[in-house]
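Below you'll find the structure, written out as structure tokens, and then a few comments.
The values are calculated or read from the model by the stated rules, or taken from the named source; none is laboratory data. Model, not experiment: these values are computed from the prediction. Using ideal geometry, Cβ is built from the backbone for each residue, glycine included, and neighbour counts are taken over all protein chains shown.
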Amino acid sequence: MTLKVNAHLHTPYSFSAFESIDQALDMAKEEGVKVVGINDFYTTDGYSAWAEGCKKRGLYPLFNIEFISLNEEDQKAGLRVNDPGNPGRTYLSGKGLSFPFKLEEPYASQLAAVRAEANAQVEAMCGKVNELLKASDAGFTLDFATIKQELTEGSVRERHLAKALRLKVYENRSEEEIKALFEKLFGGKAVKATVSNHAAVENEIRGNLLKAGGAAFVPEDPKAFLPMETVRQIILKAGGIPTYPFLADDPKGIFTDFEGDLKKAAKTLQERGFYSAEFITTRNTMDALEIYAGYLHDKGFVITFGTEHNTPAMEPITLTSRSKTPLSKKLQQINYQGACVIAAHQHLVKQGLKGYVNEEGVADIEHRDEFIKLGDQLITNAGAPESEDMNIDFKIYKYSEEENNAQCG
């Protein structure tokens, strides 16, 4: 049986289309999505609420995290990886982290420092936005502390700043007055979206003011990006599976330098210690997903799919391709099998046993089918990790215990 999975969802603990975790999980329940993965930037603060909410609704939670890393070798070579505008900059996910979350030093401090640096960058942009507001005689400014308190759960993204500005501009102004103020702030450029389309207006704010070339843009400090290998180690020490998010084909059918040669990319990823990959399916054509996910799955990668929901636009949680076409049965099966591996990994690591990857990050590809079977049983027989105390007679337990004893010995 193949159950519906969405393994990559952002929540208000980073930035999200959802107003709350409850809203996200209610939608998943209504759409029949059984397995849901929280996947916020730089934080695991939402894990407890995610676990509790999943338990109430009979959903199975996956505990993930997202980073932006830097590979200096790729940067020097001018190689675009999965951030098309910034060579060497590489988004990474960690799948199946320990819950309850725990991370030892120095890794905990490294994670905290990156999060603080990201907040500091947005605070600096807030200052520049205020300069623009004063120059435009807007009659108000933004308060970063208030934004952090009222619009976030601690992690402040540029999207929060865009939302805060839109909300303030809309206060006590007519539609024409709103358009006029935005035109001033955008340096004479008229807003294209209708005022009622909040998501589109916020995207224009980001594009005109907060992105590179915008009047309020502040470049990231190099300290905001940890080296790729450091991020991989943080994920491993947190009990997770290091995962590479593929961009795959853009609307023009173009792939990045790194991803254009699929065979080479797969080989390089495994050499760098990545045996798991994911796709945000709404970005891609069905053909690209079939080719890329199919090839990687056959090469032993754990493959999962998600929607992110990290923009203001609300979309279904059920996965589709870029054309809004439901995923093929093949892709649904690949996704579910990937979720099963992550579920089994979480379950074993929680008990102090070896998961799908060992402490060095090497994947147990030989026993992947056993992890799939275990994960399937966990997902179908239990709603959440707290209910995973049933007896499951599985070869993988014996194997993991033997491996664990060998590592300890």
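Residue-by-condition table, conditions (1) at pLDDT 95 or above; (2) more than 18 Å from Thr2 (Cα to Cα):
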| residue | (1), (2) |
| --- | --- |
| Thr320 | yes, no |
| Gln333 | yes, no |
| Gln337 | yes, no |
| Val362 | yes, yes |
| His367 | yes, yes |
| Ile372 | yes, no |
| Gly375 | yes, no |
| Ile379 | yes, no |
| Ala382 | no, no |
Might you check whether a residue that is touching a helix residue (DSSP H, G or I) at 6+ places or on another chain (Cβ under 8 Å) and free of Cβ contacts under 8 Å to residues at least 60 places away in the same chain occurs anywhere in the range 312-320? yes
Can you pull out every residue in the range 300-325 that is surrounded by fewer than 17 Cβ atoms within 10 Å (Cβ to Cβ), over 30 Å from Lys163 (Cβ atoms) and not β-branched (Val, Ile, Thr)? Gly300
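Conditions (1) in contact (Cβ under 8 Å) with a residue 12 or more places away in the chain; (2) among the aliphatic types (A, V, I, L, M), marked per residue:
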| site | (1), (2) |
| --- | --- |
| Glu72 | yes, no |
| Ala77 | no, yes |
| Arg80 | yes, no |
| Gly96 | yes, no |
| Phe99 | yes, no |
| Glu105 | no, no |
| Leu133 | yes, yes |
So which residues in the range 251-272 are surrounded by 15 or more Cβ atoms within 10 Å (Cβ to Cβ), more than 30 Å from Pro106 (Cβ to Cβ) and touching a residue at least 60 places away in the same chain (Cβ under 8 Å), if there are any at all? Thr256, Asp257, Glu259
Give just the number: which of (1) surrounded by 16 or more Cβ atoms within 10 Å (Cβ to Cβ); (2) within 17 Å of Glu278 (Cβ to Cβ) does Val349 not satisfy? (2)
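Of all residues in the range 130-153, which are β-branched (Val, Ile, Thr) and either more than 27 Å from the chain's Cα centre (by Cα) or in the same structural domain as Ile21 (by TED's automatic domain parsing) (or both)? Reasoning before the result, please.
First, the residues of the range 130-153 that are β-branched (Val, Ile, Thr): 141, 146-147, 152.
The one that is β-branched (Val, Ile, Thr) and either more than 27 Å from the chain's Cα centre (by Cα) or in the same structural domain as Ile21 (by TED's automatic domain parsing) (or both): Thr141.
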Scanning for something modelled with pLDDT under 95, farther than 18 Å from Thr281 by Cα and of a type in the set (A, V, I, L, M, F, W, C), does the range 45-60 turn up at least one residue? no
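Of these, Gly53, Gly96, Gly78, Gly37, which one is surrounded by 23 or more Cβ atoms within 10 Å (Cβ to Cβ) and out of contact with any His (no Cβ under 8 Å at 6 or more places or on another chain)?
Values: Gly96 fails: out of contact with any His (no Cβ under 8 Å at 6 or more places or on another chain); Gly78 fails: surrounded by 23 or more Cβ atoms within 10 Å (Cβ to Cβ); Gly37 fails: out of contact with any His (no Cβ under 8 Å at 6 or more places or on another chain).
After ruling out the rest, the residue left standing is Gly53.
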